[in-house]
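The block underneath contains the structure these notes are about, expressed in structure tokens.
The values are calculated or read from the model by the stated rules, or taken from the named source; none is laboratory data. None of the values given here were measured: they were computed from a predicted structure. Note: ideal-geometry Cβ built from the backbone for every residue, glycine included; neighbour counts use all protein chains shown. To get the accessible areas, we keep the full protein, side chains included, count just its heavy atoms, and leave off ligands, DNA and RNA. Shrake-Rupley method; radii C 1.70, N 1.55, O 1.52, S 1.80 Å.
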Amino acid sequence: PVRRLLLLGEGNFSFAASLCGAAGTHVVATCYEREEEVSGRERAAENIRRLRERGAEVMFSVDCAKLKDYFLPEKREFDCIYFNFPHCGRKAGVVKNRELLAHFFRSSAEVLTEDGEIHVALCNGQGGTPADQPRREWHNSWQIVAVAAGAGFILSDVHPFKAETIHGYKCTGYRSQDKSFCVEGALNHIFTRSMPLQYFKPMTCEIELEGRKVSFQVPQVLVDKINRGFLEQHSNHPIRTVKEKLAAELSQTFALQNSDCRHSLLHQGHLNGVCNSNIFWVILSPEENPSTEETSKELTHALVVSHVDFCRDTEKNGWVNVQEGCHFSKQYCLRPSLLPYAQAMIQRGAFLPGTLYVLSGPVFRKCLITPHSMPVFHEMILACAVNKGTESSCIQMLVNNIKTSIHSLHQTVSAFKLNISLQEATSFETTELNDFAAFESQLSKIQYLIWMEMDASGPCEKGSCVGIIRTHHYELVSSELTVVFVSLNLDLLAMLICGISDWRMLWTSDTRFLRQFPRGELRLFKSFSLYPPSYVHDVSFWVPDGEQFEEIAFHTIARQVSGETVVSIQLIDSFQQAESGRKSLCYRLTFQSCDKALSCQEATEMQLLFRKEINQLLGVTLR
């Protein structure tokens, strides 16, 4: 098929002439001025003649803010739109030029194909991205990525605009002035359409439990992450590839038994040592009346609640369960770990000593918002029963196999050096652990951490705990056995191996992510959304008298209302009145999407909704 190219703001049509004639392309070259104004410019008349001779369309008096007005509906779809060095003319400031770009991007969205590209060339420093050298202060730039986001576009590539390599090209510069732009260090910014921000409806999950079909409402923050099937046989997701490669390497040394039968998504009751606020509690309901979250008032402040499930009772100053008639008295939560399933298998005696049992699947944990904190990730449990006293050699064999497998995977992806080490858990303070390891330490005592880091030049510089090792002793009639349990975070492994800096990218529904891993091959990931804009909002409030402020609940509401676009929450001020004892907190939220266009207006709307939700759900008084 013929690619249709639209060129805007041509000064002397020299750029259009350089593109015209390429096989399989049709050029539509346009100019803002009238033909008689342009024809007198150096070589303009010659370039226009050449374009027309080669079958190109040449149009004049075309306003980049009203593109659909110039084309019939059947001719409005262009594969690529070029706009080199846009400018309002004369001494227009950065604000007016931002407005020009905003109108241009919104207009382009109406005439660009779904997979089309927009190329915008700007002088060095104008764009306001880290690619500009030197980089201007943000307020003094054209803020092109944030402006484009307002029309649903993301920056997918940026590279030098090399005018000297474009045959016959000459930059004309400012309109109405005999002065050309300085194109030294200029950059070409390539934009593509973003998937729209998604607002998910409440979702009900139906399962079989204790011989009965029951349902529960999925916590809203997990609606887009439940039942994604990343580990299923048909999946090409890098998480599955990492799991399969690890299992294949381990099978060279151990007799392997895959125990990935359908373990329930729900866990019954409390986990000893685990804080309730880290758990996603659910209420089981008849199929026609699902609900979610807390099962008793004593767990009230440990989690975020939904308007569907709970209402605020101001007289009782607490949460009241709307679903009073629930038939299930037992407490259930979304499984936060696969370890209880592995332990139950051992306790049932359903194992063979020396065999390595493998369990894997998604687990769910409430956590604070930090770069590597995941409310859901894929866990891989390795369990092996050995004679008491031989567990050290078993641990060493397991770690050596894991190291070999990860190094093998990484060498096919990147040349950056990767270090994997076994660290004693006692050498780390709890505050030094990532959320994965910190939660594991609540479940039961851990002996070792599997630590993984790249050298300083790698795409993911900071080291991280990707696995933990613990041992449990079991006394049987005939012998005493020690079971070695290894828990691996497959999501973190995939991120470090493939150079994925943001965990949210693993869950993107944008097909450009999985296209980088054809047939399950692991490759170094290249982001399709460069330098995404960020927006900062502050919120301050009074904490309810006599109540403990639940920070994890606060963060979970932020995750929910923003669709995981809040990337940072910082406490920037705390104040307590001497007379009344009332406490005021001020937090700073940073909004940023890793894969979708997020506009300033959308972030502001999320912040307003967040204020409303924390007032209603946490009972804080906004200031």
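Listed values, structure above:
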read-out	value
Selection status of A578, part of a loop (DSSP other than H, G, I, E, B), modelled with pLDDT under 95 and either within 20 Å of the chain's Cα centre (by Cα) or not charged (D, E, K, R) (or both)	yes
Qualifying residues in segment 228-280 (those that are within 20 Å of T404 (Cα to Cα) and among the aliphatic types (A, V, I, L, M)) - the one surrounded by the most Cβ atoms within 10 Å (Cβ to Cβ)	V242
Residue within segment 242-255 that is part of a strand (DSSP E or B), closer than 25 Å to A344 by Cβ, touching a strand residue (DSSP E or B) at 6+ places or on another chain (Cβ under 6 Å) and modelled with pLDDT under 90 present	no
Residue in segment 136-153 that is assigned to a loop (DSSP other than H, G, I, E, B), of a type in the set (S, T, N, Q) and open to solvent by less than 20 Å² (accessible area, probe 1.4 Å) present	yes
Only listed residue being in contact with a Pro (Cβ under 9 Å, 6 or more places away or on another chain), at pLDDT 90 or above and open to solvent by less than 50 Å² (accessible area, probe 1.4 Å), chosen from V218, V158	V218
Scope segment 568-592; condition surrounded by fewer than 10 Cβ atoms within 10 Å (Cβ to Cβ) and either hydroxyl-bearing (S, T, Y) or within 28 Å of G150 (Cβ to Cβ) (or both); matching residues	S580
Qualifying positions in segment 113-135 - open to solvent by 10 Å² or more (accessible area, probe 1.4 Å) and among the polar types (S, T, N, Q)	T113, N124, Q126, Q133
Any strands (runs of 3 or more DSSP E) falling wholly within segment 331-418 and containing at least 2 residues that are modelled with pLDDT under 90	376-387
Close pairs from segment 524-535: first modelled with pLDDT of 95 or more, partner open to solvent by 40 Å² or more (accessible area, probe 1.4 Å) and outside any loop (DSSP other than H, G, I, E, B), Cβ under 6 Å, at least 6 apart	F528/R512; Y535/C600
Residue check, D69 in contact with a Lys or Arg (Cβ under 8 Å, 6 or more places away or on another chain) and open to solvent by 70 Å² or more (accessible area, probe 1.4 Å)	no
From E605, E521, E551, residue being surrounded by 14 or more Cβ atoms within 10 Å (Cβ to Cβ) and either modelled with pLDDT under 95 or among the charged types (D, E, K, R) (or both)	E551
Every pair of residues 6+ apart whose Cβ atoms lie under 8 Å, when the first sits in segment 41-59 and is farther than 16 Å from T30 by Cβ and acidic (D, E) while the second is open to solvent by 40 Å² or more (accessible area, probe 1.4 Å) and not in a strand (DSSP E or B)	E42/K170
Enumeration of residues in segment 533-548 that are open to solvent by less than 40 Å² (accessible area, probe 1.4 Å), in a loop (DSSP other than H, G, I, E, B) and within 19 Å of Q570 (Cβ to Cβ)	P533, V543
Residue in segment 366-381 that is more than 16 Å from E440 (Cβ to Cβ), buried (at least 22 other Cβ atoms within 10 Å of the Cβ) and not aliphatic (A, V, I, L, M) present	no
First in segment 560-577 and of a type in the set (S, T, Y), second anywhere and exposed (fewer than 12 other Cβ atoms within 10 Å of the Cβ) and part of a strand (DSSP E or B), Cβ under 8 Å, 6 or more apart	none
Residue tally, condition free of Cβ contacts under 8 Å to residues at least 12 places away in the same chain and under 25 Å from the mean Cα position of the chain (by Cα), over segment 416-442	3
Residue match in segment 80-97 (condition: more than 14 Å from G9 (Cα to Cα) and touching an Asp or Glu at 6+ places or on another chain (Cβ under 8 Å))	yes
Residue that is farthest from L398 (Cα to Cα) [pool: residues in segment 214-241 that are part of a helix (DSSP H, G or I) and under 19 Å from the mean Cα position of the chain (by Cα)]	Q220
Selected residue [in a loop (DSSP other than H, G, I, E, B) and within 19 Å of P533 (Cα to Cα)] from T172, T129	T129
Within segment 72-87, considering residues that are open to solvent by 80 Å² or more (accessible area, probe 1.4 Å) and part of a loop (DSSP other than H, G, I, E, B), the one farthest from S108 (Cα to Cα)	L72
Residues (surrounded by 14 or more Cβ atoms within 10 Å (Cβ to Cβ) and free of Cβ contacts under 8 Å to residues at least 12 places away in the same chain) located in segment 21-38	E37
